[in-house]
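Q: Input: one structure, supplied below.
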Amino acid sequence: LVFDIGAHVGDRTGSFLRLGAQVVALEPQPMAFRAVQRLYGRCPRATLYAVAAGARAGEVDLLLNSANPTVATIAPTFPAAASGAPGWEGQVWDDRVRVPVTTLDALIAAH
């Protein structure tokens, strides 16, 4: 059993499935989740959730970078911290979406 937290577009989910694992994949970013769902939604060994993982269950704002959809965060301090770092120049978190949050403990109990 593998938990793929932040599955993005499912590259690791696919690798784990090819190795024969049962995979529980979480991806809160709507566009990325649709990709994971298209690729692995019919696989009986894949359980997919459009949620974030956090310390407490509930909801959180997911900050999105519409120009670079591989970049998203639920950490409100991350955009400011990354703004001066090499490789992060020009990155802008210009959108947000409210997403559900679960905990790793809840996932372990359920699976």
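Q: As a test, work out the antiparallel percent of DSSP beta bridges whose residues both lie in segment 3-81, rounded to the nearest 5.
A: 20
Q: Among Q37, G54, G20, pick out the residue whose Cα is farthest towards the positive end of the charge dipole of segment 12-109, where Lys and Arg carry +1 and Asp and Glu carry -1 on C-beta, about the Cα centre.
A: Among Q37, G54, G20, the one farthest towards the positive end of the dipole of segment 12-109 is G20.
Q: Given an 8 Å cut-off on Cα distances and at least 6 residues of separation, report the relative contact order of the chain as a percent.
A: 25
Q: Shifting gears a bit: Can you give me the relative contact order of segment 56-111 as a percent, contacts being Cα pairs under 8 Å and 6 or more apart?
A: 49
Q: Kindly provide the Kirkwood hydrodynamic radius of segment 1-59 in Å, to one decimal, from all pairs of distinct alpha carbon atoms.
A: 11.2
Q: Would you check the accessible area of S83, probe 1.4 Å, heavy atoms only, in square angstrom rounded to 10?
A: Near enough 70 Å² of accessible area.
Q: Short version: ³J(HN,Hα) in whole Hz for each residue of segment 88-100, in order, from phi by Karplus 6.51 cos²θ - 1.76 cosθ + 1.60 (θ = phi - 60°), x for Gly and Pro, what are they?
A: After applying 6.51 cos²θ - 1.76 cosθ + 1.60, I find 9, 4, x, 6, 10, 8, 10, 8, 8, 9, 7, 10, x Hz.
Q: Now for a separate question. Heads up, I need the accessible area for R96: 1.4 angstrom probe, whole protein in place, Å², nearest 10.
A: 140
Q: When the C-alpha atoms of the chain are aligned to their principal axes, what extent does each axis show, in angstrom, from largest down?
A: 42, 27, 21
Q: Could you work out how much longer the chain between D94 and D61 gets when fully extended? Use 0.36 nm per residue separation minus the Cα distance between them, nm to one decimal.
A: Here the answer is 10.6 nm.
Q: Quick one: accessible area per residue over the chain, 1.4 Å probe, rounded to a whole number of Å²?
A: I get 60 Å² per residue for this part.
Q: Summing -39500 (n - 2.57) over the DSSP H runs of n ≥ 4 in the chain and dividing by its residue number, what mean residue ellipticity at 222 nm do you reach, to the nearest 500 deg cm²/dmol?
A: Roughly -7500 deg cm²/dmol at 222 nm, from the helical runs in the chain.
Q: If you don't mind, there's one more thing I want to ask. With everything on Cα atoms, drop me the angle between helix 30-40 and the longest principal axis of the chain, reported from 0 to 90° to the nearest 10.
A: Its long axis makes an angle of about 20 degrees.
The values are calculated or read from the model by the stated rules, or taken from the named source; none is laboratory data. As the structure is a computational prediction, the values presented were derived from the model and not from experiment. Please note: Cβ atoms are built from the backbone with ideal geometry, for glycine as well, and neighbour counts cover all protein chains shown. Please note that ligands, DNA and RNA were not included when accessible areas were found on the heavy atoms of the full protein model with its side chains. Shrake-Rupley method; radii C 1.70, N 1.55, O 1.52, S 1.80 Å.
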